[in-house]
Amino acid sequence: MHSYFSIGCTASFTPTPNSNPNPGLGSLTEQDLPNRESLRILVIGSRRGVTGTIHTLYRLGFAEVGEWSPLLPAATPGEVMSILTRSLLVDG
């Protein structure tokens, strides 16, 4: 299986508030961080395709493998999905 990605992004992503590794910040919500927008990236396909894409995105420096949700059943039989949630800094 071959994956071809061209990721060119100027957005400033930060770790999601709920997965913040800094315990001093506690559990932050969108209301606590008004200059951030929650984004969800969804990958849907075969189990092999989804896990392969997650690992490719990791190798490209896009996201850690553990940041993605566990594989979940998708609407189409035989397909699975995984979700990555990120916060995007917005001008405000």
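If you plug the beta carbon distance of Leu71 and Asn35 into 1/(1 + (r/R0)^6) with R0 = 41 Å, you get a FRET efficiency near 0.80. Once a ≥ b ≥ c are taken as the square roots of the eigenvalues of the Cα gyration tensor of the range 30-85, is the result rounded (a/c under 1.5), prolate (a/b larger than b/c) or oblate (a/b not larger than b/c)? Because a/c hits 1.5 or more and a/b fails to exceed b/c, the range 30-85 counts as oblate.
Laboratory data are not the source of any read-out in this text; all were calculated from the coordinates shown. Bear in mind the structure is a predicted one, so any value in this text is a computation, not a measurement. Because the Cβ atoms are built from the backbone with ideal geometry, glycine has one as well, and the counts that use them run over all protein chains shown.
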